[in-house]
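Input: a single structure, listed below in structure tokens.
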Amino acid sequence: MTLEQIKNRLSDQFKSSIIKNENLAEHQVEIKGEDWFDVATFMKNDPKLSFDQLECITGIDTGEDGPLQTHYNLHSMEYRHKIEAVISHDRKDPKVASIEQLWRIGDWFERETYDMFGIEYTGHRDLRRILCPDDWEGWPLRKDYEAQESFHGIVVPKIKEEEGWE
Amino acid sequence: MGLLENKFQDNVVVASLDKILGWARSTSPWYFQFGLACCAIEMMASAASRHDLERIGMMPRSSPRQADVMIVAGTVTLKMALRVKKLYEQMADPKYVISMGSCATSGGPYWQHGYHVLKGVDLVVPVDVYVPGCPPRPEALIEGLLKLQETIQTERPLTRKLA
């Protein structure tokens with residue numbers, strides 16, 4: 001299926017769930033956060049789409065005024081077609097349904113995105129940090145992140161771009 | 001050694017116990033085998049057949065209890081820093097630390113934006129020898145090790161220090 005056909009197939013089924021966003025690239029489709037689990041289930045199980053492989057989950061911080069986003073790269077082994085699903089989250093309470101039980105690889109992908117962006121995947125059975133220590137403060141890949149001053153008594157020196165060591 | 005000179009056969013060497021201890025220790029510092037990043041590859045290359053660390057008496061040990069030298073080979077993240085400290089504390093005295101490469105010495109390429117990287121392993125454990133490089137070649141590491149051996153040799157463990 002071509003990208004156009006995939007998008008049409010999705011909008012036939014979920015007319016109200018697809019959000020029109022002109023900033024997106026051709027291979028991306030934005031979906032409402034609250035409908036994501038139903039759409040994902042359909043994308044996996046529909047015999048014509050058959051997205052049986054989740055290639056990657058990425059978090060994106062679009063800046064202070066913009067939302068946080070989760071991008072899902074989906075691929076079909078059967079038809080060799082791909083699409084990228086985009087979900088936007090409210091910056092103050094980023095939350096979306098977990099697809100960990102649809103694609104099992106989503107388990108670690110979601111934990112990583114949670115670790116770096118603090119996006120909560122509701123329904124994930126083991127949502128812990130995966131790379132940072134459990135008692136880490138803050139979400140490192142957010143634009144407004146500021147590193148903590150000390151970690152277990154180890155002072156983390158702050159380094160400014162122009163002045164060097166503080 | 002005035003009194004003892006020529007009193008024994010030719011194959012007997014007379015020296016102070018301190019010196020013998022220093023010599024024995026300095027020529028067999030077993031190192032703690034663990035790598036944290038790409039420097040570990042160079043450390044492995046130093047131990048492999050071409051450079052062969054065992055010819056200077058160094059041999060990898062997998063337990064901190066059996067090791068004398070800890071080679072911190074690579075980037076120390078804050079998460080790992082706690083473990084490095086714990087491993088150092090588990091080593092038996094006398095113990096030495098070599099900071100290998102710029103990451104372990106100062107944070108290296110992560111010194112500015114690496115929020116998760118410890119800016120120098122000397123913030124956590126005392127370091128005896130710093131080996132610069134990114135990563136240092138085996139020759140550089142071996143020079144560092146020989147420098148460490150020199151230091152160990154000059155130690156006098158049995159002599160009382162003046163207060």
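Looking at the structure I just gave you, is A:L127 modelled with pLDDT of 90 or more, part of a loop (DSSP other than H, G, I, E, B) and within 12 Å of chain B (Cβ to nearest Cβ)? Spelling it out, it is not the case that A:L127 is modelled with pLDDT of 90 or more, part of a loop (DSSP other than H, G, I, E, B) and within 12 Å of chain B (Cβ to nearest Cβ).
The C-beta contact set for region A:71-98 (first residue acidic (D, E), second residue part of a loop (DSSP other than H, G, I, E, B), distance under 6 angstrom, 6+ apart or interchain) comprises A:E78/A:S50; A:E84/A:H27. Considering only residues that are within 14 Å of chain A (Cβ to nearest Cβ) and in a loop (DSSP other than H, G, I, E, B), look in region B:114-138 and name the one that is surrounded by the most Cβ atoms within 10 Å (Cβ to Cβ). Within region B:114-138, the match that is surrounded by the most Cβ atoms within 10 Å (Cβ to Cβ) is B:L118. Restricting the first member to region A:12-27 and to residues that are without any contact (Cβ under 8 Å) to a residue 60 or more places away in the chain, and the second to residues that are part of a helix (DSSP H, G or I) and hydroxyl-bearing (S, T, Y), the beta-carbon pairs closer than 9 Å and six or more apart or on different chains are A:S17/A:S11; A:I18/A:S11. When A:F42, A:F51, A:F109 are checked against the criterion of being assigned to a helix (DSSP H, G or I), in contact with a helix residue (DSSP H, G or I) (Cβ under 9 Å, 6 or more places away or on another chain) and of a type in the set (F, W, Y), a single residue qualifies: A:F42.
Of all residues in region B:48-92, those satisfying the criterion of being under 15 Å from B:L118 (Cα atoms) and away from chain A (no Cβ under 14 Å) are B:V72, B:A73, B:G74.
Residues of region B:74-99 that are within 11 Å of the chain's Cα centre (by Cα), of a type outside the set (V, I, T) and not in a loop (DSSP other than H, G, I, E, B): B:Y96, B:S99.
The values are calculated or read from the model by the stated rules, or taken from the named source; none is laboratory data. All figures in this text were calculated on a predicted structure; none of them were measured in a lab. Cβ atoms come from the backbone with ideal geometry, glycine included; neighbour counts cover every protein chain shown.
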